[in-house]
Amino acid sequence: MTADIGMPGLAGVPTTSTTQTKKDFTSDQEVRWCPGCGDYAVLATVQGFLPDLGLARENIVFVSGIGCSSRFPYYMNTYGMHSIHGRAPTIATGLAASRPDLSVWVITGDGDALSIGGNHLIHALRRNVNLTILLFNNRIYGLTKGQYSPTSEQGKITKSTPMGSLESPFNPVSLALGAEATFVARTIDSDRAHLTSVLSAAAAHRGTSLVEIYQNCNIFNDGAFEILKDRENRDEVLIRLEHGEPVRFGTDGQYGVRRNPTTGSLEVGAGDDPNVVVHDATADDPTQAFALSRLADPGSLARSPIGIFRQVDRPTYGDLMTEQVDRAVETKGPGDLTALLHGADTWTVG
Amino acid sequence: MTVKQVREIDRVVIRFAGDSGDGMQLTGDRFTAETASYGNDLSTLPNFPAEIRAPAGTLPGVSSFQLHFANYDILTPGDAPDVLVAMNPAALKANVPDLPKGATIIVDTAEFTPRALKKVGYDANPLEDNSLSAYKVHAVDLSGITMEALAPFGLTRKESSRSKNMFALGLISWMYGRSIDGTVKFLGEKFASKEAIRDANITALRAGWNYGETTEDFAVTYEVKPAALPAGTYRNITGNLALSYGLIAASQRSGLPLFLGSYPITPASDILHELSKHKRFGVRTFQAEDEVAAIGAALGASFGGALGVTTTSGPGVALKAETLGLAVSLELPLVLVDVQRGGPSTGLPTKTDQADLLQVLYGRNGESPVPVVAAASPSDCFDAAIEAARIAVTYRTPVVLLSDGYLANGSEPWRLPDVDALPVIEPAFATEPNRDADGNGAAPQFWPYQRDPDTLARPWAVPGTPGLEHRIGGIEKLDGPGTISYDPNNHDRMVRLRQAKVDGVDGIPDLAVDDPTGDARLLVLGWGSTFGPIGAAVRRARRAGLSVAQAHLRHLNPMPGNTGDVLRAYDRVLVPEMNLGQLRMLLRAQYLVDVVGYNKVRGLPFKAEELADVIMEEVGTL
């Protein structure tokens, strides 16, 4: 049975009339992340939010790469594959492109998606395969015990960079927008309500949805996002994007993001500035979304926007592929193996 | 009109050679098609540079197409051309060393300018200095006559000179009594939207034919009568095409939709091109961002219940190694096609080689066994593809199918199979839990690694099957439940189970030995594309009165059950390989038989004469 649940990203995925609970999505495997890891919060949120979609559990697949977060599929009572480092988007692409009746999720981290698997990530986004990618960004390599990652701030002291890392970090949202992504969002592990709303929108989106989740590694990079979580001061540095709303932040909304009329770039000014920009996630042109992604300080992450940066419609790779197969059958008829083997030129002996 | 003499011959080898832009591959293809429909047995060898348009008129830019056809069944494209068509001095210079004395050479004199001669290091014009006196040289102004014939079409010089290959084709077609009707039809379709080009090419083709018929220069035509091949309907086919069709057939005979993940690479790309044309068979082709993504997508599709296939060549196999290992661990069906080329590294992209055997067997971390099947001839690529798919699906394992550049681009007549008689491949998807309720109130369970006791294959439960939700991964799994396990004994058991599963692949026919006199002391054993050259060489040795046995391995892993017995039954086993002795090493290690090798890695197939000499030498020492 499939029902229109108002989520294009899940159109074609069978639903169930049975009421589901979090327990239905919890596997019998013991969760083995370090106590206090941010991954627990994300797992609980996903297990808590999936039952609300009412999908047939057997039509949901979680595919992951390698890294701490990539153990995620083992804990979901759905179909799942824990694959190899960086390659989850490739496996998910083949699965989603050949099985339009599945809801396919990719679980990855900053090392998995942006270092060893960087190429696959950008191409999945460019193709707009119908996937939901959860990128757990903790700005460190956890599973290999504490080396800097492609999102670590320059100068970071780690086991492999005792005098400080030499590299500039990726901004995953900027990267995704540059890779022609149709859905790009950012959220934080500890903000369950925000996480749920972003994941829900990501699942609803037809195409590749990239959700960057700021996730705390309390062992090797504890407090990496503290500036954005600290209840006292977070509102001073965290920009909550809402589609159709002016981009304002600060405890009293005293800051606003406006366009500099001379340079055209975005900058922070007063909240009551009449030139404060209105966020439009559905704009065809990703320029403003990109400019918003650049507001964050690459080191401290101050002025990080969270929420949905971009959400636009573009045909998905799998749908287009299915359309070509259907059209070939429609116009030429289903394949006839004997006719194929014979081809145009045959001759007969005897 | 002069009455021409007709001379009947059994076989002939023709080589068309020119610049890589001269259309020699097309000319060869068309002559092959004409010859195939005439009913000769044939074998072809295209040989071209990796550069798309190497500098014109240079030796590295020479492209050639060799065709061997006969009134009996033949096995190779021929050692040495009886006829060389050389479109310029470079083509002449590059190919003359291969010609036996008395061979016929047809050259385009228009291209033998002082500048062109100098470019390839000819101090004097070889057409004038008697250096070709050992050959029958027909110096014809192919370009000039073509342009004259095309004068009414108002084409530029450049455009009309492009049709000179069709003129040459017409001339050779006349010489060997081939009909040009098929090529006229072909040109009509190829240039349907470019009338002037179409008509020019057809006119050039006919002009070439007429030139042969009228000019005094060509006094003899040759007749090669049709070969008495087994009864049936035939077509001509290249290895890459046969392999593509084999994959489609495997999809049809298994009911599994075919999903190809591929990244363009010479000489495998034509399989991607071909399969992308057949969407009406439900085929999905995915041109990935790289080799790794190509196999990843194929494996993802396999997880979803498709026949996942990835096609590549040696360098691509290296990149896919880790994912192939994952497929070994996941125990999912997957076919990896390796169309081998010269290596290491980029090596010789357009030349053939068979030096990836050890790579596909052992080029992964850990104990990572995969079945390996190798096609023996262009048409055998069809059956080998079905066999690879059968093993992959039946045993839930990745399988490597080896082809090579020679098989990929070479062609031969293929007796079309009866589609209904092709093997049926049974996916046997899991649909129910495979563990009973434990009596303590627990529901029936599904264990993804509970094996079939006969095949040791695990169940293939695809997403969408209710009640069988499970997780698999590259981490070692507990025997049975498939959950993560770091237990030492379990790992040892799982390593041995995976190995035993591959070792136990059933349905592999015994290694058949061809030993007509029954008293041979030498066995010549090959694998892959050496089948033709070895067969031709063995025939030569037998004609010389020697007793020689021949056998050919199609399954490299596991090998047929009687392989050891066969090896031990002969005083000497000779294994010719286009590598430095990879199969020989395996045979020695596995069977403790002191196999001898004959090894060349020239990027070209063995010549029958060369192998025959080696065989006769070996027999002589026994």
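None of the figures in this text is laboratory data; all of them are computed from the coordinates on show. Bear in mind that the values here come from a model prediction, so they are computed numbers and not experimental data. All Cβ positions, even for glycine, are placed from backbone atoms using ideal geometry, and neighbour counts span all protein chains on display.
Numerical summary
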read-out: Length gained when the stretch B:E195-B:N434 is fully extended (0.36 nm per residue, less Cα-Cα span); value: 79.4 nm
read-out: Cα gyration tensor shape of the range B:107-228, rounded if a/c is under 1.5, else prolate or oblate by comparing a/b with b/c; value: oblate
read-out: Among beta bridges that DSSP assigns inside the protein assembly as shown, antiparallel share in %, nearest 5; value: 35
read-out: Cα centroid separation, the range B:248-323 to the range A:225-300 (Å); value: 45
read-out: Computed lengthening from B:A228 to B:D452, 0.36 nm per intervening residue step minus Cα-Cα distance; value: 75.9 nm
read-out: Paramagnetic label zone (point 7 Å from Cα along Cα-to-C-beta, A:A302; backbone N under 13 Å) in the range A:214-238; value: A:227-228, A:233-238
read-out: DSSP beta bridge pairing in chain B, given as percent antiparallel to the nearest 5; value: 35
read-out: Qualifying lysines (Cα of each under 20 Å from Cα of B:K501; at least 8 residues distant if same chain); value: B:K477
read-out: Protection proxy ranking, peptides A:116-129, B:485-498, average beta carbon neighbours within 10 Å, highest first; value: A:116-129, B:485-498
read-out: Rounded tilt (10° steps) of A:317-332 against the dominant C-alpha axis of chain A; value: 20
read-out: For q = 0.13, 0.18, 0.19 Å⁻¹, Debye-computed log10 I/I(0) when each Cα of the range B:428-485 counts as one equal scatterer; value: -0.33, -0.64, -0.71
read-out: Three-way shape call for the range A:12-139 based on the alpha-carbon gyration tensor, with the a/c threshold at 1.5; value: oblate
read-out: FRET efficiency for B:E617 and B:S345, using Cβ-Cβ distance with R0 set to 41 Å, rounded to 0.05; value: 0.75
read-out: Principal axis box of the range B:513-620, alpha-carbon based, largest edge first, Å; value: 34, 34, 21
read-out: Kirkwood Rh in Å, taken over all unlike Cα pairs in the range B:236-343; value: 13.5
read-out: Antiparallel DSSP beta bridges within the range B:5-223, as percent of all bridges there, nearest 5; value: 50
read-out: Relative contact order for the range B:235-421, counting Cα pairs under 8 Å that sit 6 or more residues apart, in percent; value: 29
read-out: Point-to-point label distance, A:V278-B:T113, nm (Cα→Cβ direction, 7 Å offset); value: 7.0
read-out: Crossing angle, helix A:88-98 versus chain A [Cα axis fit, 0-90 degrees, rounded to tens]; value: 40
read-out: Estimated inter-spin distance, A:C34 and A:D252, nm [label 7 Å along Cα→Cβ]; value: 4.1
read-out: Coil-residue trypsin sites (Lys or Arg not before Pro) of the range B:251-311, DSSP, other Cβ within 10 Å capped at 16; value: B:K277
read-out: In the range B:50-143, the trypsin sites (Lys or Arg not before Pro) that fall in loop regions by DSSP, at most 16 other Cβ within 10 Å; value: B:R53, B:K101
read-out: Qualifying lysines (Cα of each under 28 Å from Cα of A:K156; at least 8 residues distant if same chain); value: A:K145, A:K229
read-out: Using θ = phi - 60° and Karplus 6.51 cos²θ - 1.76 cosθ + 1.60, couplings along the range B:484-497 (whole Hz; Gly, Pro as x); value: 4, 9, 9, 5, x, 5, 5, 4, 4, 5, 5, 4, 6, 5
read-out: In the range B:558-622, the trypsin sites (Lys or Arg not before Pro) that fall in loop regions by DSSP, at most 15 other Cβ within 10 Å; value: B:R602
read-out: Chain B pair-distance distribution - Cα-Cα, 20 Å bins, rounded %; value: 18, 47, 27, 7, 1, 0
read-out: Paramagnetic reach from A:R240 (point 7 Å along Cα→Cβ, amide N under 15 Å) across the range A:253-272; value: A:253-255
read-out: Cut-off of 10 Å, at most 13 other beta carbons, DSSP loop: longest stretch of chain A lacking such GluC sites (Glu not before Pro); value: A:31-231
read-out: Contact order normalised by residue count of chain A, Cα under 8 Å, 6+ apart, percent; value: 15
read-out: Distance between the range A:119-172 and the range B:1-56 - C-alpha centres, whole angstrom; value: 56
read-out: Cross-link partners of B:K119 among lysines (Cα-Cα below 18 Å; sequence separation of 8 or more within a chain); value: B:K93
read-out: Span per principal axis, largest first, for the Cα atoms of the protein assembly as shown (Å); value: 105, 73, 58
read-out: Cα radius of gyration and Dmax for chain A (Å); value: 22.3, 93
read-out: Normalised contact order of chain B, rounded percent, pairs of Cα under 8 Å and 6 or more residues apart; value: 12
